[in-house]
Amino acid sequence: MKPIIIINFKTYKESISENAVSLAKAAEEVAGKTGVPVSVAVQAADIFRVRSAVNIDVFAQHIDPAGFGAFTGAVLPEAAQSAGAIGSLINHSEKRIEHEVIGKTVGRMKSLGMKSIVCSKDATESEELARFKPDFIAYEPPELIGGDISVSSAAPEVIEETVRRVKAVSPSTEVLAGAGVKTKEDIDVAMRLGAVGVLLASGVTKAENPKEAILGLIE
Ligand code: G3P
């Protein structure tokens, strides 16, 4: 099975605005060359710009369960979708929200046909969040995010436990692993443990040659 690779652009200078477009084009090129689905999660302000430039899946980094009306500053799911996002991350370690809000937001995404990726900090939270039946749970140990030690090398048993506990609650929810992922070996280990792919950021956004870095994850 081919891994699902989702690159979270966060707010790095190298991956916002026009740089987001260049990076997404590199991801598109590698995806086209290898047949491996590479998607990107971009700033809300960059969704339209990026999706207009590339033909790969684009996710929002966060949305709110706001409705139409007076909700200044909210990232409206309908607006993210019409800008070109096929789904969104929520509850990222850098943008935590209450579980009740996660439930509401996943519900909104389901009703709009958007793909939901709910981030979690450990196997217990993953199991709790699985009751909302999102499309994906992305397990990311916060202490490894942005570092050089990957989730696959530091916490393989938690990946396995997360998959087991999530599947017991919601068999249709798939698990992604993230934090410190930089190599093909990291991805292979996560896949062997039952994850369907990875969520990563700095290994690509901060790489000297991002295209080579993405290719290196696959080949
Ligand atoms: O969402 C991906 C992320 O939090 C992992 O970041 O830099 O450790 O790949 P990084």
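Observations, loosely collected:
- Taking 13 Å as the cut-off, the amide N atoms of segment 192-219 that come nearer than this to a point 7 Å along the Cα-to-beta-carbon line of Tyr12 belong to 200-215.
- Karplus-derived 3J(HN,Hα) values for segment 188-205, using 6.51 cos²θ - 1.76 cosθ + 1.60 with θ = phi - 60°, are 4, 4, 4, 5, 4, 8, x, 6, 9, x, 9, 10, 9, 9, 4, x, 9, 5 Hz; glycine and proline are entered as x.
- Taking a straight Cα-Cα cut-off under 24 Å and skipping sequence neighbours fewer than 8 places away in the same chain, the lysines within cross-link reach of Lys121 are Lys10, Lys95, Lys104, Lys110, Lys133, Lys167, Lys182, Lys184, Lys206.
- Distance between modelled label sites at His99 and Asp122, nm, 7 Å Cα→Cβ extension: 1.4
- Across segment 4-218, the mean sequence separation of Cα contacts (distance under 8 Å, 6 or more residues apart), normalised by length, yields a relative contact order of 18 percent.
- Net charge of the neighbourhood of Gln61, taken over other residues with C-beta under 15 Å away and scored Lys/Arg +1, Asp/Glu -1, is +1.
- For the pair segment 81-154 / segment 1-57, the C-alpha centres are spaced 18 Å from each other.
- Eigen-decomposition of the gyration tensor built on the alpha-carbon atoms of segment 1-121 gives equivalent ellipsoid semi-axes of 24, 16, 13 angstrom, largest listed first.
- Surface accessible to a 1.4 Å probe, Lys25 within the full protein complex, Å²: 100
- Sequence of Val151, Val189 from largest to smallest accessible area, 1.4 Å probe: Val189, Val151
- Ranked by solvent-accessible area (1.4 Å probe, protein heavy atoms only, all chains present), the residues Leu76, Leu200 order from largest to smallest as Leu76, Leu200.
- Per-residue ³J(HN,Hα) for segment 171-183, Karplus 6.51 cos²θ - 1.76 cosθ + 1.60, θ = phi - 60°, Hz, x for Gly and Pro: x, 7, 7, 9, 10, 10, 10, x, 3, x, 6, 9, 10
- Here the Karplus relation 6.51 cos²θ - 1.76 cosθ + 1.60, evaluated at θ = phi - 60°, turns the backbone of segment 102-115 into coupling constants of 4, x, 5, 5, 4, x, 4, 5, 4, 5, 9, x, 8, 7 Hz, with x for every Gly and Pro.
- Once backbone amide H atoms are built at 1.01 Å from N, Ile97 has Asn91 as its partners under 5 Å, excluding neighbours fewer than 5 places away on the same chain.
- Order of exposure, largest accessible area first, which applies to Tyr139, Tyr12 with probe 1.4 Å: Tyr12, Tyr139
- The chain gives an Rg/Rh value of 0.94, both radii derived from C-alpha positions and Rh following Kirkwood.
- Hull shadow area, averaged, segment 124-219 [alpha-carbon convex hull, nm²]: 5.8
The values are calculated or read from the model by the stated rules, or taken from the named source; none is laboratory data. Computed from a predicted structure; not experimentally measured. Note that each Cβ is placed from the backbone with ideal geometry, even for glycine, and that neighbours are counted across all protein chains shown. In case anyone asks, the SASA skips ligands and DNA or RNA and just uses the protein heavy atoms, side chains included. Shrake-Rupley method; radii C 1.70, N 1.55, O 1.52, S 1.80 Å.
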